[in-house]
Amino acid sequence: MKHTLIITAALALMASAAEAQNNVVDGISVSNVKLDHDDGRFTVDLDLSLKELDVERNRAVLVTPRLINGEDSVDFPSVAVYGRRRYYYYIRNNVSMLTGTEEGNFRTGEKPDEKQYHEVLPYESWMNGATLWLHRDLYGCCNSLIDEQAAPLGEYWAFEPVLVYVTPSPNKEARSLQGRANIVFRVNKTDIDPTYHNNTAELAKIRATIDSVRTDSDVIITSVWLKGYASPESPYAHNTELAKGRVAAVKAYVQNLYKFADGVIVTEYEPENWKELREYVDKSTLAHRSEILTLIDTNMDLDAKEANIKKAYAADYKYLLNNCYPYLRHTDYRVSYVVRAFTDIEEIRRVYAAEPSKLSLNEMFLLAQEYEPGSEEFTEIFETAVRMYPNSEEANLNAAVAEIKRGDLEDARKHLEKAGDSAEADYTRGVVSVMDKDYATARPLLESAKEKGISEADYCLNYVDHATNAN
């Protein structure tokens with residue numbers, strides 16, 4: 001399921017018609033046209049050349065920049081130039097000037113050759129894609145309209161994409177804590193002696209891991225997985241019994257402490273830990289390191305393999321027996337759990353402030369909706385989400401969207417690298433490419449997103465078309 005978020009990117013273009021032109025309308029030329037909007041305001045800047053404008057003494061010319069988009073239009077304040085008789089008629093009779101204001105009115109003999117025009121009006125959404133026209137109206141006696149002329153100065157296109165972010169699944173993901181305990185058993189024994197070697201501390205590791213989640217009222221332990229390993233000395237069949245018996249002893253130890261329901265504790269065993277033996281030998285400086293590795297890699301019977309190493313390389317074998325084998329006899333453990341669901345927004349807010357790691361992506365997403373898009377709080381939540389779930393494509397995509405809204409394209413690009421290849425990810429990469437003015441990269445991404453069902457890509461592709469033509 002997708003949701004959308006409207007943002008205004010600081011990127012705009014004007015069509016080439018806005019270039020300097022001579023005689024846009026009779027007697028008037030325009031240059032340096034600039035259209036912009038920011039903070040809810042639309043600004044027009046341009047240079048009017050009135051030098052060639054000649055107005056007969058009983059007439060007046062009204063010059064008006066007009067923004068038009070379909071049926072929507074708005075006039076910016078006009079500039080009027082009056083013939084001598086018409087000008088003094090307004091002055092002597094206290095009649096309102098054509099502009100309706102005190103400013104922007106000139107007698108033809110006193111008009112400036114060049115006028116820098118700067119006006120601001122409230123921005124409305126229809127102005128995006130509008131064309132700025134220059135209107136020239138010629139008036140005679142009694143303000144009768146004699147002639148009208150109009151010429152386009154250029155189109156205004158601001159990039160205001162609808163960014164798409166994804167709503168994460170409401171299902172809580174299973175989590176786990178894992179570790180390794182090197183519980184040492186006496187030779188040929190399967191019972192645990194807490195006082196033997198460092199067993200007290202090693203058993204404490206397992207208890208600490210379980211306790212870290214068991215005492216939390218928001219957490220439900222779903223399984224405790226134990227896997228016991230034995231070292232390769234002695235016959236394989238005997239090692240099998242030792243591995244099974246030792247992991248069973250650890251299970252009994254844990255069960256006696258916590259009284260878990262049947263089926264919570266799951267065990268596995270590996271009779272001979274050849275994998276870690278090989279890793280140890282590979283990193284060692286044993287005199288016959290290469291030869292021992294070759295033997296380990298053969299497909300011969302395991303008991304025969306171990307006997308060959310012992311017989312052929314007795315000194316190295318003795319070293320391994322004393323320094324490596326004890327650490328091959330360990331128990332790996334994993335405590336799997338789920339955190340209960342939080343549905344009340346105030347509870348989510350409290351948990352987020354204290355332990356954000358307890359929240360799912362969906363719960364953080366719900367909290368983010370309580371804040372204004374682009375606000376510090378909004379962005380922080382998505383950044384926290386991606387820290388908690390750094391490999392989540394959804395988290396990386398939503399963090400990128402939040403950063404684009406904030407204007408941080410550099411971090412957005414980094415998160416998009418891990419956002420996957422979904423339609424939303426393609427679309428967002430396309431949007432960033434447009435903002436970089438890399439239209440060649442943007443187009444195939446946006447086209448891909450459109451094919452995958454992102455209708456918002458149409459607007460962006462339209463913008464790319466205008467930007468490419470303008471260039």
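Using a 1.4 Å probe on the protein heavy atoms only, what accessible surface does THR64 show? Give it in Å² to the nearest 10.
The accessible area of THR64 comes to roughly 10 Å².
Per the 1.4 Å probe, what fraction of the accessible area of region 34-179, in percent, lies on carbon and sulfur atoms?
Answer for region 34-179 is 42 percent, counting heavy atoms of protein chains only.
Taking 0.36 nm per intervening residue step and subtracting the Cα-Cα distance, what contour gain separates ARG334 from THR167 on full extension?
Between ARG334 and THR167, full extension yields 57.1 nm more.
Per q in 0.06, 0.10, 0.13 1/Å, what log10 I(q)/I(0) does a Debye calculation on the alpha-carbon atoms of the chain return?
Summing over Cα pairs of the chain leads to -0.55, -0.91, -1.10.
By its C-alpha gyration tensor, with a ≥ b ≥ c as the square roots of the eigenvalues, how is region 120-190 shaped: rounded for a/c under 1.5, else prolate for a/b larger than b/c, else oblate? The partial results should precede the final answer.
Values: a/c = 9.16, a/b = 6.80, b/c = 1.35.
Prolate.
For a paramagnetic label modelled at 7 Å from the Cα of MET300 toward its Cβ, which residues of region 206-236 fall within the zone defined by backbone nitrogen distances under 18 Å?
232-236
Work out Dmax and Rg for region 351-471 from the C-alpha atoms and quote the Rg first, both in angstrom.
For region 351-471, the Cα-based Rg and Dmax read 15.4, 53 Å.
Please tell me which of these pairs span more than 29 angstrom C-alpha to C-alpha: LYS227/LYS418; LYS358/LYS405; LYS275/LYS310; LYS405/LYS450; LYS34/LYS437; LYS283/LYS310? All intermediate terms of the calculation are to be shown ahead of the outcome.
On the way: LYS227/LYS418 33 Å; LYS358/LYS405 27 Å; LYS275/LYS310 18 Å; LYS405/LYS450 22 Å; LYS34/LYS437 19 Å; LYS283/LYS310 19 Å.
Over 29 Å Cα-Cα: LYS227/LYS418.
At a Förster distance of 25 Å, what's the computed FRET efficiency of ARG186 paired with LYS275, Cβ-Cβ distance as r, to 0.05?
In this case the efficiency is close to 0.55.
Run the simple label-point estimate for ASP282 and GLU410 please: 7 Å along Cα→C-beta, distance reported in nm.
Reported label-point gap for ASP282 and GLU410 is 3.9 nm.
From the residues LEU367, THR379, ALA419, which one has its Cα farthest along the dipole of region 367-449 in the positive direction, the dipole being from +1 and -1 charges on Cβ of Lys/Arg and Asp/Glu about the Cα centre?
It is ALA419, whose Cα lies furthest towards the positive end.
To the nearest 10 square angstrom, what accessible area does LYS437 show with a 1.4 Å probe?
About 120 Å², rounded to the nearest 10.
Quick one: if you stick a label point 7 Å off each Cα along the C-beta vector at LYS34 and ARG349, how many nm between them?
4.3
LEU461 to GLU110: extension gain in nm, 0.36 nm per residue of separation minus the Cα-Cα distance? Don't skip to the answer; put the middle values down first.
Values: separation 351, 0.36 × 351 = 126.36 nm, distance 4.88 nm.
Residue separation times 0.36 nm, minus the Cα-Cα distance, leaves 121.5 nm.
With a ≥ b ≥ c taken as the square roots of the eigenvalues of the C-alpha gyration tensor of region 341-396, please select rounded if a/c is under 1.5 and otherwise prolate if a/b is larger than b/c or oblate if it is not?
oblate
What distance in nm lies between label points placed 7 Å from Cα along the C-beta direction at ASP45 and LEU321?
Reported label-point gap for ASP45 and LEU321 is 8.8 nm.
Can you tell me the order of 264-271, 370-377 when each peptide is scored by its average per-residue count of other Cβ atoms within 10 angstrom, highest first? Walk me through the numbers before you get to the answer.
Working: 264-271: 16.9, 370-377: 13.0.
Averaged packing, sorted descending, gives the order 264-271, 370-377.
Nothing charged except the Cβ atoms of Lys and Arg (+1) and of Asp and Glu (-1): what's the magnitude of the dipole of the chain about its Cα centre? Round to the nearest 20 debye.
Using only the charged Cβ atoms, the result is roughly 1720 debye.
Heavy-atom accessible area of TRP157 with all protein chains present, probe 1.4 Å, nearest 10 Å²?
Spelled out: TRP157, probe radius 1.4 Å, area about 30 Å².
Expected output is a single nm value to one decimal: the length gained when fully extending between ASN143 and ALA440, i.e. 0.36 nm times separation in residues minus the C-alpha distance. What is it?
101.6 nm
For region 169-271, with only Lys/Arg (+1) and Asp/Glu (-1) charged at the beta-carbon, what is the dipole magnitude about the Cα centre, in debye rounded to 20?
The dipole magnitude comes to about 80 debye.
Add -39500 (n - 2.57) for each DSSP H run of 4 or more in the chain, then divide by its residues: what number comes out at 222 nm, to the nearest 500 deg cm²/dmol?
Mean residue ellipticity, 222 nm, calculated: -12000 deg cm²/dmol.
Largest first, what is the accessible-area ranking of THR428, THR240 with a 1.4 Å probe?
Final ranking, largest accessible area leading: THR240, THR428.
The values are calculated or read from the model by the stated rules, or taken from the named source; none is laboratory data. Here the structure is a predicted model, which means the values were calculated and not measured. Neighbour counts are summed over all protein chains in view; Cβ atoms, including those assigned to glycine, are modelled from backbone coordinates with ideal geometry. Ligands, DNA and RNA are excluded from the accessible area calculation, which covers all protein heavy atoms including side chains. Shrake-Rupley method; radii C 1.70, N 1.55, O 1.52, S 1.80 Å.
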